[in-house]
Amino acid sequence: MTAPLIAVSRLEKTYLTRVGTRIRALADVTLDVADGEFVTIVGPSGCGKTTLLRILGGLLSASSGSVELLGRRVSGPSRNVGMVFQDPVLLPWRTVLENVMLPVAVLRLDRRAHHRRALDLLGLVGLAGFEDKYPHELSGGMRQRVSLARALVHDPALLLMDEPFGALDAMTREAMNLELQRIWRESGKTVAFITHSIPEAAFLGGRVVVMSPRPGRIVDVVTVDLERPRDLDMMGSDAFGSYTRKIRHLLGPKGWLE
Ligand SMILES: Nc1ncnc2c1ncn2[C@@H]1O[C@H](COP(=O)(O)OP(=O)(O)O)[C@@H](O)[C@H]1O
Ligand SMILES: [Mg+2]
């Protein structure tokens, strides 16, 4: 058996607030993700999803337990990780291309080689020709595509996405889900994708990790055995419906309410 790309073992996170109260956000989270896998993580608001993703990305330290990426313990941000947040956080005074090139500057990578790659990625996310636009000239969906290209520019093994399409309208969101599936298939990246949408979790994920309310634990991991590439029509199928029902039951009667 090959080693997993990410190995999360007995992860715990308790926040200590400024007034001295302790908030237990994650409890005993253990999970392996294989190279090339697309895993979605679904759970109620406040259950610790963002906390988990930030720990995976090395932006936050765990209280106990460990995360290994490619066999190495995660102790800080790594160039093997790309992150996409709910808000695209683009620099308004920089063009689309300059925003995509940001990690190249931060990580001090070769500009020339990555300039080519940035242009290719903008093509991949459907933004060829928009290189010299500024963020305010783009729609919400386009801005999120820019942040996706930026997350991939340094060629990370792992892409972490925290409710990236949550702020988009339903139709744009569906279109982005299709695009993301295509990009994942073409790039061969490993993706961990957080959402509080059950259909989105089932549509994108090869496995869906279902979390409990805070402190977030893994309730179950549902393997979604639907053919790829998946299309939107498939979301009306009986098989798809039985997966979303199963996930909804695991979340409990109120788990999916925001
Ligand atoms: N820096 C922090 N200090 C204290 N509590 C926090 C901090 N960040 C998050 N929390 C709390 O931890 C819990 C989990 O938060 P979060 O990981 O953002 O959940 P989710 O992304 O699932 O909505 C929430 O109750 C939240 O209020
Ligand atoms: Mg969150």
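The values are calculated or read from the model by the stated rules, or taken from the named source; none is laboratory data. Predicted model only: the values in this text are computed from it and were never measured. Cβ sites come from the backbone with ideal geometry, for glycine too, and all protein chains shown count toward neighbours. What goes into the accessible areas is simple: the full protein's heavy atoms, side chains included, and nothing from ligands, DNA or RNA. Shrake-Rupley method; radii C 1.70, N 1.55, O 1.52, S 1.80 Å.
Could you name the aspartates and glutamates whose alpha carbon sits less than 15 Å from that of Lys133, not counting residues in the same chain fewer than 8 places away?
Cα-Cα hits under 15 Å: Glu98.
Solvent-accessible area of Arg214, probe 1.4 Å, all protein chains present, reported in Å² to the nearest ten, please.
Roughly 130 Å² of Arg214 is accessible to a 1.4 Å probe.
With the dipole of the chain worked out from charges on the C-beta (+1 for Lys and Arg, -1 for Asp and Glu) around the Cα centre, which of Ala25, Ser147, Pro164 lies farthest toward the positive end?
Ala25
Heavy-atom accessible area of Asp225 with all protein chains present, probe 1.4 Å, nearest 10 Å²?
Looks like 130 Å² after rounding.
Residue by residue through the range 95-101, what is 3J(HN,Hα) from phi via Karplus (6.51 cos²θ - 1.76 cosθ + 1.60, θ = phi - 60°)? Round to whole Hz and write x for glycine and proline.
5, 3, 4, 5, 5, 5, 7
About the Cα centre of the chain, how large is the charge dipole given +1 on each Lys and Arg Cβ and -1 on each Asp and Glu Cβ? Please answer in debye to the nearest 20.
Using only the charged Cβ atoms, the result is roughly 920 debye.
Please work out the C-alpha center-to-center distance from the range 180-228 to the range 130-155 and express it in whole Å.
Computed from Cα coordinates, the inter-centre distance equals 23 Å.
Along the principal axes of its C-alpha atoms, what lengths does the chain span, in descending order and rounded to whole Å?
48, 46, 43
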